[in-house]
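> The structure's right below; bear with me while I get my questions together.
The values are calculated or read from the model by the stated rules, or taken from the named source; none is laboratory data. These numbers were taken from a predicted model, which means no experiment stands behind them. A quick note on method: Cβ atoms are made from the backbone with ideal geometry, for glycine too, and the neighbour counts reach across all protein chains shown. Surface areas here come from the heavy atoms of the whole protein model, side chains and all, with no ligands, DNA or RNA. Shrake-Rupley method; radii C 1.70, N 1.55, O 1.52, S 1.80 Å.
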Amino acid sequence: RYVYVDDPISSLDDNNAVAVAHHLAQMLKAAPNRVTTVVSTHHVLFFNVLSNSLPKKQTVSRRYFLSRNARSGDFA
């Protein structure tokens, strides 16, 4: 029911990062049951391709972004 993917493209070039993001999105869309998935990455291109490859209304119910305030150093 739960899948955690921790930065699956850390050593890949941009072309392969795009391919992995696209394949991961296709696997999540094809899953017979709804799968709660957490993906952590610092790679903006990977995140963008993955996010845009998933249907907005049916697969992604919530998205959370962790970011750091440059001035205070706090995370939000």
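> Would you check which residues across region 53-69 are open to solvent by 100 Å² or more (accessible area, probe 1.4 Å) and either modelled with pLDDT of 85 or more or closer than 17 Å to Q26 by Cα (or both) and list them?
Answer for region 53-69, where residues must be open to solvent by 100 Å² or more (accessible area, probe 1.4 Å) and either modelled with pLDDT of 85 or more or closer than 17 Å to Q26 by Cα (or both): K56, K57, Q58.
> Against the conditions (1) assigned to a helix (DSSP H, G or I); (2) in contact (Cβ under 8 Å) with a residue 24 or more places away in the chain, where does H23 fall short? Just the number, please.
(2)
> Could you say whether any residue in region 40-62 is out of contact with any Gly (no Cβ under 9 Å at 6 or more places or on another chain), of a type in the set (D, E, K, R) and touching a residue at least 12 places away in the same chain (Cβ under 8 Å)?
no
> Just name the residue that is most open to solvent (accessible area, probe 1.4 Å) out of those in region 4-40 that are farther than 18 Å from N52 by Cα and under 11 Å from the mean Cα position of the chain (by Cα).
Y4
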